[in-house]
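**Q** Could you have a look at this structure, given as structure tokens, before my questions?
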Amino acid sequence: MKGNIITGLDIGTSSIKALVVQRTKKDWEVLSFAEIPSFGLRKGAVINAEEVSKNVQMIISGIEKDCGRKINSVFVNVGGSRLYVMPSDGIISVSRADQRISKEDVDRVLQATRAINMPRNDEILDVVPKEFIIDDQRGIKQPVDLTGIRLEAKVLLLCVFSPDFLKLTQSVLNSKIQIDDIVPSPLAAANSVLTPQQKELGVVLIDIGASATSMAVFEEGDLIHLAVIPIGSGNITNDIAIGLKTDVAMAESIKKQHGTCIMVSREKVKKEHGVKKIEIFEKSSSLSFTKKNIVDIIEPRVSEILDLVQKELKKINKQEQLPGGIVLTGGGAKLPKIRELAKQTLKLSCEIGTPKGIVGIEDDPSLATVAGLVLGGLEDIDGSDKEGILGLLGNLLKKIRKMLKALLP
Ligand SMILES: Nc1ncnc2c1ncn2[C@@H]1O[C@H](COP(=O)(O)OP(=O)(O)OP(=O)(O)O)[C@@H](O)[C@H]1O
Ligand SMILES: [Mg+2]
């Protein structure tokens, strides 16, 4: 981050997106945006760092030319199905004789929550405090300067499979680009689309990418759950390719042009009087199908994704219990009628989440992650509003930066 410009880099399975913003006298404006096809990832995680690195170089040199500025560093996302949270707690004795809790006590108790048996190759990316307990007094968010003998912390540990994390960092650093920070994908997306009110009430963000669906649940302003389901909108494309016996490129185009999750009633009526065929001419042959054929392929796959989301919500006893509802992001959220199907399946209100706060990219849910990376970066620079919408992410970024420094040579 140099010369008041910030770059967000969303390395996704189907595409890499880069967004550069610049500080004007009193605002931030988009300097450049680019999206190119992505290779070398599986289920949201980098599997071929060299290939990803080539694409990172390509997109960065493209936006450099476009905006006439040198990009030295980026805020980048970490995704993949091996990103997860684990509850933990820690307990310490307050160190000062006057029993006043210091910042050091809080650091110590948070450190104590890390002493947990982890799967061998997993790393703790960050510790997200849920509540502090001072001598059995529960529900404390800010313990510093309160008094007590015993300080307990209940937290969520944000964990990742270390090779995924290292391959991601390699793929960026090998492109001669520095990393400002690394942010878990669903938290970046949440950062650009959720309002403080939704986070306070209780809300689930569901980002349907090409290969994975990531979700983050917030309540009382805090992250309470995060999970990644290894099924995404690319699976719908594959189902169409199999169901209509066509290639993946054609299936992708059919999904985007004719895809929908629910038959609307007018179509149901038509069905009774004979179903209208959609005909597509491919090279030497033609492909013919009905809207119902498409719904019969798409609906079960989207329902499967939503059922898995419901399973995650059940784990934390939040099924049908989030007044802030569902916010859908990612390219998969552009599928017609997905909002209605999500509302019906999860029995919660639902909206499509489009990025707020950056003029020019407000209506595309697939840009939520890249916009959230930039917004997190702005917060990092401005250092204000720590308790607001960006507060959680701002703190998280700093901690992840520390971990990154420890990992790199
Ligand atoms: N109009 C549309 N209708 C239906 N699906 C769409 C539409 N536009 C994009 N998609 C789908 O969205 C997916 C890409 O979304 P996105 O850019 O969020 O994924 P990604 O970030 O590259 O992947 P991931 O997050 O899984 O690593 C693709 O599967 C694409 O087919
Ligand atoms: Mg994505």
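**Q** Where in the stretch 147-228 are the helices (runs of 4 or more DSSP H), entirely inside, with at least 1 residues that are over 17 Å from Ala333 (Cα atoms) and either among the β-branched types (Val, Ile, Thr) or touching a His at 6+ places or on another chain (Cβ under 9 Å) (or both)?
**A** Answer list for the stretch 147-228: 162-173.
**Q** Mind checking which residues of the stretch 233-255 are assigned to a loop (DSSP other than H, G, I, E, B) and either free of Cβ contacts under 8 Å to residues at least 12 places away in the same chain or within 26 Å of the chain's Cα centre (by Cα) (or both)?
**A** Correct list: Lys245, Asp247.
**Q** Residue by residue through the stretch 311-341, note down the ones that are in contact with a Leu (Cβ under 6 Å, 6 or more places away or on another chain), more than 16 Å from ligand 2 (Cβ to nearest atom) and touching a residue at least 40 places away in the same chain (Cβ under 8 Å).
**A** Leu322, Pro323, Gly324, Gly325, Ile326
Yes or no, residue by residue, for (1) surrounded by 19 or more Cβ atoms within 10 Å (Cβ to Cβ); (2) among the charged types (D, E, K, R); (3) within 16 Å of ligand 2 (Cβ to nearest atom):
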residue	(1), (2), (3)
Asp10	yes, yes, yes
Phe39	no, no, yes
Ala45	yes, no, yes
Met58	no, no, no
Ser102	no, no, no
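**Q** Hey, another quick one. Return the pair list, or none, for Cβ contacts closer than 8 Å from residues in the stretch 93-114 that are assigned by TED's automatic domain parsing to the domain that holds Val144 and touching a residue at least 24 places away in the same chain (Cβ under 8 Å) to residues that are among the aromatic types (Phe, Trp, Tyr) and not in a strand (DSSP E or B), at least 6 apart or on different chains.
**A** Nothing qualifies.
**Q** May I pose another question? Out of Gly80, Gly44, Gly8, I need the residue that is in contact with a strand residue (DSSP E or B) (Cβ under 6 Å, 6 or more places away or on another chain), within 13 Å of ligand 1 (Cβ to nearest atom) and at pLDDT below 95. Which one?
**A** Gly80
Condition check ((1) crowded, with 16+ Cβ neighbours inside 10 Å; (2) over 19 Å from Ala227 (Cα atoms)) across all residues:
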{"position": "Asp122", "(1), (2)": "yes, no"}
{"position": "Ile133", "(1), (2)": "yes, yes"}
{"position": "Gln137", "(1), (2)": "no, yes"}
{"position": "Pro143", "(1), (2)": "yes, yes"}
{"position": "Ala153", "(1), (2)": "yes, yes"}
{"position": "Cys159", "(1), (2)": "yes, no"}
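**Q** Looking at Gly90, Gly80, which one is surrounded by 15 or more Cβ atoms within 10 Å (Cβ to Cβ) and in contact with a Gly (Cβ under 8 Å, 6 or more places away or on another chain)?
**A** Just a single option satisfies the conditions, and that option is Gly80.
The values are calculated or read from the model by the stated rules, or taken from the named source; none is laboratory data. Keep in mind the model is a prediction, meaning the values are calculated, not measured. A quick note on method: Cβ atoms are made from the backbone with ideal geometry, for glycine too, and the neighbour counts reach across all protein chains shown.
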